[in-house]
Structures are given as structure tokens and as C-alpha cells.
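The values are calculated or read from the model by the stated rules, or taken from the named source; none is laboratory data. Predicted model, so just to flag it, every value in this text is computed and none were measured. Neighbour counts run over all protein chains shown; Cβ positions are idealised from the backbone, glycine included.
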Amino acid sequence: MQLNLDRDIVFFDVETTGLNVVRDRIVQIALVKLGKNNPEPTEFSTLVNPGIPISEESMAIHGITPKDLANKPTFRQLAQKIWDFIGNADLAGYNSNRFDVPMLMEEFARVGMEFDVSKRRLIDVQRIFYKMEPRTLKAAYRLYCGKEMTDAHDALADVRATIEVFHGQLTAYEGKDLLDEDGNLIPAPIKNDMQALHAFTNDLNFLDATQKLRVQPDGTVVFNFGKYVGQPVREVLAKDKNYYFWIQEKEFSSQLKQIMKQLMKEIERK
């Protein structure tokens, strides 16, 4: 399908050192421009030396290592070329409004270039997907059960529908393998096994639902917030017990406080 363009549009994606749009940096950027008067796409892609460490989690996702970037140009060296490539084009991507666009704006800002998006149209393909394929119980009931909910948002009706949806999912995905977003093949992850479903439906990279405690690939639990962000929880609590008491007194989740109590008990036993 030929896009109906009245202005150039650039689809782009970035790989980064981490997920914080303020603190982290771009390690790879790829841009594809579709021109208003040029049907042939123009591409630009490059690795970028970020000048800061890459998190283990990010390396596990994109596979780009410090060695790969050692002799690559910095964003400062690439900024003008990227700026000129984009020009006055609109921008598009996948989850781009929440991540790629603000990440790019921050990188430009660091080198003294104000990348104004107020006059550009921003198209996020992920938002199209989510809006057109809603992840509501009503939509799931229609998909897996082939029926319409007539009394949605009544608590008991919602629970009964959820159970029906769960049965429908077990039937629909029985024996089906999953190729995840990283290209890994997961053999039949949906099965009538509660432990397997627990592992599949929970983000095991975090200990708590509010994602304040993160588990690194080596199993070390680190803070994911505050002045000790990225530092091992056990080491911090061993040297700064006041931080533990501060967490217990503030408006953090009861789950986080319970986990912290358990970790403190383990430290004191040692």
C-alpha cells in the first residue's frame, strides 16, 4: 500500500544502555525515511558509543556489548547527520511516543540541539495495535469464549468470565510453542500447570509488584529507585539501616515492606 503522505515520515528505533530516558543513552539508532515525493525508502543506521556502561539486562536483549562500540562515534559526532536526515519529517515507531522519541530528544539536548516535536506528527504503531485490539476482559471473553459479556464490571460476573477465559486460553494454546520477542523458542508455555503459569505470567526480574526491587541476571537484588538505585539491597541495608526504617515509614507497598523485613532478618542473622 502506498502511504498517503503530505510530508516526509521517518520510522525509527533505538537500542539503549537501559530504560531510563534521562539517564541512559543510545547505543544504536536506525531510521528509514519515506519521502512525500520519493516512494523509495532511504535508510540510515549506526552504532553509537554511549560513553556510559550498558546494563546487563539491555545487553541480554539487544546483544550489543561495549567491545562492539569501542571505536564507534558518539552521539555528539553523529547528531548533525541524524538531525539533517530527519529534517522536518514526521516521526513513527513502535512504542516510540513513550520511549524512542523522548530518548532522542534527550540525546539532542545533551549536545545543545533542541529537537522540537511540537510541529511534527507522531505516530506510534503500538498504540494502534493496543487501541484496535483492546486488552479488556470483555474483548478476551469475546476472543476465547465466542460470547458477549452483558454484565461487565459486576464483580461476580467478571470473576466468572475470567474463569471461562482462563479455560479458553488453556484450550486455545495447548501444545502451541511461543517464539518470544527476542527470538527464543519457548515450548508450549501455556499448560494446565499452575507453577508453569505462575512463571509465565510474572515478571521474575522484579521481587515486588511496584518494581522497586530488581533481580539482576546473577541473582543479586538491587534497588530500582531512590538514592541507592542500582546498588545491592543487602549491602545497602548492612551499612545504612536508617534507609530500611525510612522505607518502613513511608508510603511504599506492604509487599515491599514485607520483603525488606525478610531481607533485614537475613542480614541480622549473619
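Of LEU31, LEU3, LEU78, which residue is more than 17 Å from MET113 (Cα to Cα), surrounded by 13 or more Cβ atoms within 10 Å (Cβ to Cβ) and of a type in the set (A, V, I, L, M, F, W, C)?
LEU31
Looking at (1) part of a helix (DSSP H, G or I); (2) within 15 Å of the chain's Cα centre (by Cα), which is the only condition PHE108 fails?
Going through the list (1) part of a helix (DSSP H, G or I); (2) within 15 Å of the chain's Cα centre (by Cα), PHE108 breaks only (2).
Going by the conditions given, is LEU207 under 30 Å from ILE259 (Cα atoms), free of Cβ contacts under 8 Å to residues at least 12 places away in the same chain, surrounded by 15 or more Cβ atoms within 10 Å (Cβ to Cβ) and not assigned by TED's automatic domain parsing to the domain that holds GLU56?
Spelling it out, it is not the case that LEU207 is under 30 Å from ILE259 (Cα atoms), free of Cβ contacts under 8 Å to residues at least 12 places away in the same chain, surrounded by 15 or more Cβ atoms within 10 Å (Cβ to Cβ) and not assigned by TED's automatic domain parsing to the domain that holds GLU56.
Specify the residue that is nearest to LEU91 (Cα to Cα); the eligible residues are those in the range 1-41 that are outside any loop (DSSP other than H, G, I, E, B) and without any contact (Cβ under 8 Å) to a residue 24 or more places away in the chain.
VAL32
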